[in-house]
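Student: There's a structure below that I have some questions on.
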Ligand code: ADP
Ligand code: TPW
Ligand code: MG
């Protein structure tokens, strides 16, 4: 900062005499607090990224836009502020849009900013450079989409994109910035007048008192109640309020995959192993930032006919989507939980046998699970359980490490084996169950939090984003990528029924040495075939706080078709509608 000690020193202009749309865009992003941008440059956004880097925005450049988008989405999820993705026009935009759409489905806040070509020849389809009507493509897939054509409109556009991304239900927002707009020149003094500090970018949305009263009465009268936490609760950062509510009421809780760790998975009131019993026997279930979508059988299937739902969600349109909700509480979770806590009577009516029943079941399931791990502990070649048995104590000794996890068996078995004790420490393929969130999520998690990250990846899953391991290495992030190589999608024993020598549709490379890929980018790498080697490699890799890659050799027969959701395969679908 320049300082002046006399009145005669002319005041340095805030900005140079003339500024471009790019200058204005960077300044507008800074004004709303954006300090990081993930992306991949080229015409027309290269100079924009250089400017951003120069003016205090960390620019994290990727090898593929989808991964930059996954990083931005993860950043948004973990920080409750929008992650920003920067892409070039046409295919770069489309590559990134897959991540922005995925963020929207998962309620992660992010803003994809894409350069786009000159409007007129796009509209008349005259074959301009990278011409694509990007705004029209983005619109159906994102929460909100805007185009900015004039530099004067940039600050407003950025504030609107920011508000749309984080207010109400968070989601992905697309901001299209045309090449002429990026390059347009304005007088700095005129540009100065465009900026303003927006007020209350993510307003609280307290619920209606009648809704809270209705929910409190229903909960207070419940005999066999349960809380069901979703990733909306993790996102909302309300763990302290949930802890108080659980302690006050003594009601057990069941976390969805990414809600694991909001309260400890192994806490006395955790009903993590009692999903079926809750579905079949609970009389009142409180959905806290969780949707009754396919991941909860859409409220049907095993759910009892008589269970009553209380649903705490910020989005009124979420209520009743599959099953009538007896007591909707629409509002932001922080406000709703405060209000619910205040409205609860001193005395609850829980059946005194409910919690002990769940605790006994938990104990029994845990014993069975430990037996399963023990039975596989010495399997050679290793299977998923052997590897996870080795990983479990290492992760337990490093509870503040963020876990990224994707695959089929690799996803399901890891989720079931590794207890989480801290909120927002598990990031996975989430609502769409998509592959290809791995490396980007690792980068986003490490950059956004400064914490160490361990990714546990199926060999197929890793293939979707593997090249961006190079980004982990270039940015020297404390990320360890563990690859479970069973030689395929689900396993490596698929049979090509044509017998023509081509691999089967699910077959990949059981002998691939993924560690050599890590070597190419200068990471510390390991190739392990035994649980002892795996345990040592992971311990060392986490302690190094540097990029590392562990290639875990499994047997090709480890893993079942479609993991835990084989019942969704078409041949099984006549039995169940998802
Ligand atoms: P899960 O997959 O873990 O069950 P979902 O993604 O299905 O979780 O549900 C998350 C829900 O949380 C969404 O319906 C979303 O509207 C809601 N949500 C997100 N942020 C908030 C918030 N701050 N307050 C209340 N609800 C929220
Ligand atoms: C974008 C379909 C679901 S799970 C999976 C695929 C390809 C990979 C499973 O193999 P992996 O794990 O990762 O080796 P494991 O332990 O079972 O062997 N394309 C996208 N998303 C999805 N979900 C698929 C394909 C799929
Ligand atoms: Mg596999």
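Student: Just check the range 464-516 against the gyration tensor rule for me: Cα atoms, a ≥ b ≥ c as the square roots of the eigenvalues, rounded for a/c under 1.5, and otherwise prolate or oblate depending on whether a/b exceeds b/c.
Tutor: Prolate, since a/c reaches 1.5 and a/b exceeds b/c.
Student: In the chain, what percentage of the DSSP-assigned beta bridges are antiparallel, given to the nearest 5? All intermediate terms of the calculation are to be shown ahead of the outcome.
Tutor: On the way: 4 of 71 bridges.
Taking every DSSP beta bridge within the chain, about 5 percent pair in antiparallel fashion.
Student: At 222 nm, what value in deg cm²/dmol follows for the chain if DSSP H runs of at least 4 each add -39500 (n - 2.57) and the sum is divided by all its residues, to the nearest 500? Intermediate values should be presented prior to the final figure.
Tutor: Values: 22 runs with 221 residues, N = 578.
It comes out at -11000 deg cm²/dmol, rounded to the nearest 500.
Student: Assign one of three labels to the range 68-148, namely rounded, prolate or oblate, based on the Cα gyration tensor with a ≥ b ≥ c the square roots of its eigenvalues; rounded applies when a/c is under 1.5, prolate when it is not and a/b is larger than b/c, and oblate otherwise.
Tutor: In terms of gyration-tensor shape, prolate.
Student: What is the packing order of peptides 347-353, 259-265, 177-183, taking the mean over residues of other C-beta atoms within 10 Å and listing the highest first?
Tutor: Listed from highest to lowest mean packing, they are 259-265, 177-183, 347-353.
Student: For the range 393-457, max minus min Cα coordinate along each principal axis, in Å, sorted largest first?
Tutor: So the extents along the principal axes, rounded to whole Å, are 27, 26, 17.
Student: I would also like to ask the following. Using only Cα atoms, find the angle between the long axis of helix 438-449 and the longest principal axis of the chain, and express it within 0 to 90 degrees, rounded to the nearest 10.
Tutor: For 438-449 against the chain, the angle is about 70 degrees.
Student: Throw me the Rg/Rh for the range 491-533, computed over C-alpha atoms with Kirkwood Rh, two decimals.
Tutor: That ratio is 1.15, to two decimals.
Student: Then there is this: Along each of the three principal axes of the Cα atoms of the range 195-267, give the extent in whole Å, ordering the values from largest to smallest.
Tutor: 55, 32, 18
Student: Moving on to the next point. On C-alpha positions alone, give me the angle between the axis of helix 354-376 and the longest principal axis of the chain, in degrees, nearest 10.
Tutor: The angle comes out near 90 degrees.
Student: Ranked highest first by average number of other Cβ atoms within 10 Å, how do 59-65, 323-329, 566-572 line up?
Tutor: 59-65, 323-329, 566-572
Student: A further question follows. How far apart, in nm, are the 7 Å Cα→Cβ label points at residue 562 and residue 193?
Tutor: Inter-label distance under the simple model: 6.3 nm.
Student: Convex hull volume of the Cα atoms in the range 313-357, per residue, in Å³?
Tutor: Value for the range 313-357: 117 Å³ per residue.
Student: Can you compute the radius of gyration and Dmax for the range 93-195, using only the Cα atoms, both in Å?
Tutor: Cα-based Rg and Dmax for the range 93-195 come out at 14.4, 41 Å.
Student: I would also like to ask the following. Cα atoms only: what Rg and Dmax, in Å, come out for the chain?
Tutor: Values for the chain (Cα only, Rg and Dmax): 25.5, 88 Å.
Student: Show me the ranking of peptides 369-378, 132-141 by mean Cβ neighbours inside 10 Å, starting with the highest.
Tutor: 132-141, 369-378
Student: Bin width 10 Å, origin at 0, all Cα-Cα pairs of the range 405-541: what percent of pairs per bin?
Tutor: 11, 40, 36, 10, 2, 0
Student: Kindly express, to the nearest 10 degrees and within the range 0 to 90, the angle between helix 209-220's C-alpha long axis and the longest C-alpha principal axis of the chain.
Tutor: Between the helix axis and the principal axis of the chain, the angle is about 20 degrees.
Student: Evaluate the relative contact order of the chain (contact order divided by residue number), counting alpha-carbon pairs under 8 angstrom at least 6 apart; express in whole percent.
Tutor: Rounded, it is 12 percent for the chain.
Student: Starting from the alpha-carbon convex hull of the range 431-494, give the projected area averaged over all orientations, in nm².
Tutor: Numbers: hull surface 18.5 nm².
Reported value for the Cα convex hull: 4.6 nm².
Student: Here's another thing I want to ask about it. Apply the Debye scattering formula to the range 267-393, with a single equal point scatterer on each alpha-carbon and no solvent, then give log10 I(q)/I(0) at q = 0.16, 0.21 Å⁻¹.
Tutor: With no solvent term, the Cα-only Debye profile gives -0.95, -1.22.
Only the coordinates and a few stated rules stand behind these numbers; no lab work does. This structure is a prediction, so every number in the text was calculated from the model and none was measured. Virtual Cβ from ideal backbone geometry, glycine too; neighbours counted across all protein chains shown.
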